[in-house]
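Undergrad: Here it is, the structure in full.
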Amino acid sequence: MKKAFYGKRFLITAGPVWVPIDSVRVLTNIFGGKLGYVIAQEAVKLGAEVTLLMGPGRVQFVGNEKFKVIKYRTFSDIYKLMKNEISTKKYDVIIHSAAIPDYVPVKVFNGKIKSGKKDLTIRFKKTFKIVDRIKKWDKDVLLVKFKLEVGKSKKQLLSIAHESMLKSHADIIVANEFGDVIDGHLAYICGSGEPIKCYGKDGVAKNLLSMIRLKI
């Protein structure tokens, strides 16, 4: 399996997405992008040509990565990058692990919201699902989706993940329960057969790439 992906092109998304509320403040989430970074490293070892779209997380790049890194910040940034990359270049595999926001403000305030207000109300609108558009941009690409749930049993998690995979026409989905992510990063990788249970970012990366190898 050493060069199993020789000649194959991977697009990987990772990290959080900033949601600006004014010119200097943003909302974000707790995810740092490390899993996507680890997957990119492992894919390169197996011969893949990798482009990593990385959000403003906590990954420290060492400077000698053997893959291309394109950084983004906002929902608009990552949407435009993904649409351009997938529509204009031919990728074999897309691994969409970035933590995309479900809501953004209806209006972003110009400048800085003044302090001293007794209360502040910000109205939000729902974003569209970028992952649901990927197969429309390239119907032949192998798509890996990630699904995170909170407070769900294993049975509930896997049922939700299966429906989510079908909705996005994904080929593989990585299902996580939030408590398990915090405590050792337990995940279930689901494709066409029985889910694969794995632990740790390295374990997820290696098992995911093994499943991908069987599908391309």
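The values are calculated or read from the model by the stated rules, or taken from the named source; none is laboratory data. On a predicted model such as this, the values are computed, not experimentally measured, just so you know. Quick reminder, even Gly has a Cβ in these numbers, built from the backbone with ideal geometry, and neighbours come from all protein chains shown.
Undergrad: Between a first residue in the range 87-116 that is of a type in the set (Ser, Thr, Tyr) and a second residue that is assigned to a loop (DSSP other than H, G, I, E, B), which pairs have beta carbons less than 8 Å apart while being 6 or more apart in sequence or on different chains?
TA: 87/138; 91/138; 91/141; 103/127
Undergrad: Further question on the same structure: Which members of the range 117-137 meet the condition of being acidic (Asp, Glu), touching a Lys or Arg at 6+ places or on another chain (Cβ under 8 Å) and either at pLDDT below 95 or buried (at least 17 other Cβ atoms within 10 Å of the Cβ) (or both)? Talk me through it step by step, then tell me what you get.
TA: Restricting attention to the range 117-137, the residues satisfying the condition of being acidic (Asp, Glu) are 119, 132.
Now restrict to residues that are touching a Lys or Arg at 6+ places or on another chain (Cβ under 8 Å): 132.
Selection gives nothing.
Undergrad: Another question, then. So the check is Cβ under 7 Å with 6+ separation or different chains; which pairs have a first residue in the range 194-216 that's in contact (Cβ under 8 Å) with a residue 24 or more places away in the chain and a second one that's surrounded by fewer than 14 Cβ atoms within 10 Å (Cβ to Cβ)?
TA: 213/1
Undergrad: I'd like the full set of residues that are closer than 16 Å to residue 34 by Cβ, of a type in the set (Val, Ile, Thr) and either modelled with pLDDT of 90 or more or surrounded by 15 or more Cβ atoms within 10 Å (Cβ to Cβ) (or both), limited to the range 168-216.
TA: 174, 181, 204
Undergrad: Give the range 138-158 a look and list any residue that's under 25 Å from residue 216 (Cα atoms), surrounded by 12 or more Cβ atoms within 10 Å (Cβ to Cβ) and either of a type outside the set (A, V, I, L, M, F, W, C) or more than 17 Å from the chain's Cα centre (by Cα) (or both), or say none.
TA: Restricting attention to the range 138-158, the residues satisfying the condition of being under 25 Å from residue 216 (Cα atoms) are 138-147, 158.
Filter once more, keeping what is surrounded by 12 or more Cβ atoms within 10 Å (Cβ to Cβ): 138, 141-147, 158.
Residues satisfying the conditions are 138, 145, 147, 158.
Undergrad: Related question: Counting only residues that are surrounded by fewer than 18 Cβ atoms within 10 Å (Cβ to Cβ) and closer than 22 Å to residue 24 by Cα, how many does the range 57-79 have?
TA: First, pick out the residues of the range 57-79 that are surrounded by fewer than 18 Cβ atoms within 10 Å (Cβ to Cβ): 58, 60-71, 73, 76-77, 79.
From what's left, closer than 22 Å to residue 24 by Cα: 58, 71, 73, 76-77, 79.
Number of matching residues: 6.
Undergrad: For the range 184-198, which residues satisfy the criterion of being in a loop (DSSP other than H, G, I, E, B) and within 15 Å of residue 153 (Cα to Cα)?
TA: Here is the first cut: in the range 184-198, the ones in a loop (DSSP other than H, G, I, E, B) are 184-185, 191-195.
195, the sole residue that qualifies.
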